[in-house]
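A.B. asks: Dumping the structure here so I can ask a few things about it.
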Amino acid sequence: MGSNGVGKTTLLKLLAFELLPNEGVIDTDLTREEIVYLHDGNILDPNLSAKEHVDFLISFDKINRQRLAKLPYLLEKMKLGAYYNELTSALSLGTVMKLTFLLFWLQEPKMLMLDEFFSGIDTSGMRCIVDLINEMATEGTIILFVTHVDQNADLLAYRSVQICK
């Protein structure tokens with residue numbers, strides 16, 4: 001947790017190998033492919049549907065098959081079934097964020113980093129995502145969640161760190 005401008009996003013970008021440190025070293029056993037960094041922007045290809053994104057991941061054998069079997073249930077639970085074949089460019093930000101989370105959840109990352117991720121996501125979608133994140137943590141996934149909103153921190157924090165300037 002921390003207020004705006006203290007470096008929360010910069011820290012996550014360093015850990016995700018999206019930025020190089022000016023000095024020092026980031027030492028991890030994880031590779032870039034094992035780390036998922038989700039932020040509040042749209043990272044999906046706007047010219048593809050959610051189904052086409054899933055098919056793309058399947059073609060590269062990037063999806064956990066047991067999780068894929070749960071996808072129809074989760075699409076309905078998160079009220080996304082009607083949007084599965086729609087281009088992501090036609091969807092609301094909250095809908096895109098829920099689909100983005102599910103796409104990366106299917107890949108079973110070793111580390112999941114969420115940067116102010118719940119912006120625009122409805123309450124039922126947030127509950128479902130929190131349940132999936134807690135399930136991932138139980139399975140051994142490292143979860144880093146960055147926020148400046150106390151209520152969001154209370155949803156996921158097993159341990160809380162306050163970052164100050």
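What follows is calculated from the coordinates using simple rules that are stated; it is not laboratory data. Please read these numbers as outputs of a predicted model, since none were measured by experiment. Here the Cβ positions follow ideal geometry from the backbone for every residue, glycine too, while neighbour counts run over all protein chains shown.
A.B. asks: Which order do peptides 61-67, 111-117 fall in by mean Cβ count within 10 Å, highest first?
C.D. replies: 111-117, 61-67
A.B. asks: Multiply the residue gap between residue 47 and residue 82 by 0.36 nm, knock off their C-alpha separation, and tell me the result in nm, one decimal place.
C.D. replies: 10.9 nm
A.B. asks: How large is ³J(HN,Hα) for each residue in segment 80-92, as worked out from phi by the Karplus curve 6.51 cos²θ - 1.76 cosθ + 1.60 (θ = phi - 60°), to whole Hz, x for Gly and Pro?
C.D. replies: Here the 3J(HN,Hα) series is 10, x, 5, 9, 4, 9, 7, 4, 5, 5, 8, 9, 5 Hz.
A.B. asks: How are the C-alpha pair distances of segment 83-131 spread across 5 Å bins, as whole percents from the shortest bin up?
C.D. replies: Histogramming segment 83-131 at 5 Å steps yields 4, 19, 31, 25, 16, 5, 0 percent.
A.B. asks: Another question about this same structure. Order by neighbour count: 35, 26, 142, fewest other Cβ atoms within 10 Å first, most last.
C.D. replies: With the sparsest Cβ surroundings first, the list reads 26, 142, 35.
A.B. asks: Turning to a different aspect of this structure: Which residue, chosen from 30, 47, 15, occupies the Cα position most advanced towards the positive end of the dipole of segment 15-118, where the dipole is computed from +1 (Lys, Arg) and -1 (Asp, Glu) charges on Cβ about the Cα centre?
C.D. replies: The listed residue farthest towards the positive side: 47.
A.B. asks: Shifting gears a bit: Can you give the relative contact order of segment 1-130 as a percent, counting alpha carbon pairs under 8 Å and 6+ residues apart?
C.D. replies: Taking the mean separation of contacting Cα pairs over the length of segment 1-130, I get 35 percent.
A.B. asks: Shifting gears a bit: Sticking with the crude label model, points 7 Å out along Cα→Cβ, report the distance from residue 29 to residue 139 in nm, one decimal please.
C.D. replies: It works out to 1.9 nm between the two label points.
A.B. asks: Relative to the longest principal axis of the C-alpha atoms of the chain, give the angle of the C-alpha long axis of helix 93-106, reported between 0 and 90° and rounded to the nearest 10°.
C.D. replies: 90 degrees
A.B. asks: Quote the FRET efficiency, to the nearest 0.05, computed for residue 58 versus residue 22 with a Förster distance R0 of 45 Å and r equal to the Cβ-Cβ distance.
C.D. replies: My answer for the efficiency is 0.70.
A.B. asks: Additional query: So what's the gap between the Cα centers of segment 91-129 and segment 61-78, to the nearest angstrom?
C.D. replies: So the separation of the two Cα centres works out to 14 Å.
A.B. asks: A follow-up question, please. Roughly how many debye, to the nearest 20, is the charge dipole of the chain about its Cα centre, given +1 on each Lys and Arg Cβ, -1 on each Asp and Glu Cβ, and no other charges?
C.D. replies: 240 debye
A.B. asks: Ok, one more. Label segment 28-76 by shape, choosing from rounded, prolate and oblate, from the square roots a ≥ b ≥ c of the eigenvalues of the Cα gyration tensor; if a/c is under 1.5 it is rounded, and otherwise prolate applies when a/b is larger than b/c, oblate when it is not.
C.D. replies: Oblate, since a/c reaches 1.5 and b/c is not below a/b.
A.B. asks: Can you pull out the chymotrypsin sites (Phe, Trp or Tyr not before Pro) in segment 1-71 that DSSP calls coil and that have at most 15 other Cβ atoms within 10 Å?
C.D. replies: 17, 60
A.B. asks: Give me the percent of DSSP beta bridges within the chain that run antiparallel, rounded to the nearest 5.
C.D. replies: 10 percent
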